[in-house]
Amino acid sequence: MPDLSSRTVAFLATDGFEESELAKPRKALDDAGATTHIVSPKSGSIKAWASTDWGDSYDVDKTLANADASDYDMLVLPGGQINPDKLRLEKEAVAFVKAFANAGKPVAAICHGPWLLVEADLVRGKRVTSFASIQTDLKNAGAQWVDEEVVEDGQFITSRKPDDIPAFNKAIISRLGTTAG
């Protein structure tokens, strides 16, 4: 496993993120030595969705107003249906995603997380995957949608669902280990 002690990763989330899609990748990155921050439109804490009901609360490390993409090496977009649907209505959240893309930094999105990539107009011509229910949205935004565990296309890493988290974690750790610091 690469040493990620010099790497910092932002997780963009708000109330309703799928708990496993933030907690498990964050733990994997933390275990590899990376510094991880939850970035959210609001301060305090945000509440997870855990499969079928509300989950735990997580402390926000930085608000979007105080976060800068230049401080991070990678962006992770957890899914859940509620989280990305709320975030794509936040101009600051969409701008934060675009800032990573414009800087050529890796952006990883799982489940419904690619909705933010659609909103930021970043999937045109890209090969991606997602939760199956948003494949039409991705196709309509110009993406080539495929039903695969993990898809990497340029700076983007996408996965379908919580069952794919082990492969998603492996891909983001590998990418972060090879990204220039």
Query raised in the report: With Cβ to Cβ distances under 15 Å as the rule, what net charge do the other residues near residue 167 carry (K, R +1; D, E -1)?
Result: -2
Query raised in the report: What pairs from 47/91; 98/170; 24/47; 91/126; 24/170; 105/126 go past 18 Å between their alpha carbons?
Result: 47/91; 98/170; 91/126
Query raised in the report: Kirkwood Rh, the chain, all Cα pairs: how many Å?
Result: 15.6
Query raised in the report: Calculated from DSSP H runs of 4 or more alone, at -39500 (n - 2.57) each and per residue, what is the 222 nm mean residue ellipticity of the chain, nearest 500?
Result: -9000 deg cm²/dmol
Query - DSSP beta bridge pairing in the stretch 26-157, given as percent antiparallel to the nearest 5 - result: 45
Query raised in the report: Taking the chain as a Gaussian network, where each spring joins two C-alpha atoms under 10 Å apart, which residue of 160, 124, 88 fluctuates the most?
Result: 124
Query - Which of 20, 57, 159 is most accessible, then next, and so on - probe 1.4 Å - result: 57, 20, 159
Report summary line: Largest-first ranking of 74, 1 by accessible area, probe 1.4 Å, whole protein assembly kept, is 1, 74
Query raised in the report: What is the local net charge at residue 37, summed over the other residues whose Cβ is closer than 13 Å to its Cβ (Lys, Arg +1; Asp, Glu -1)?
Result: -3
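The values are calculated or read from the model by the stated rules, or taken from the named source; none is laboratory data. These figures come from a predicted structure and were not determined experimentally. Ideal geometry is used to build each Cβ from the backbone, glycine not excepted, and the neighbour counts take in all protein chains shown. Heavy atoms of the whole protein, side chains included, go into the accessibility calculation; ligands, DNA and RNA do not. Shrake-Rupley method; radii C 1.70, N 1.55, O 1.52, S 1.80 Å.
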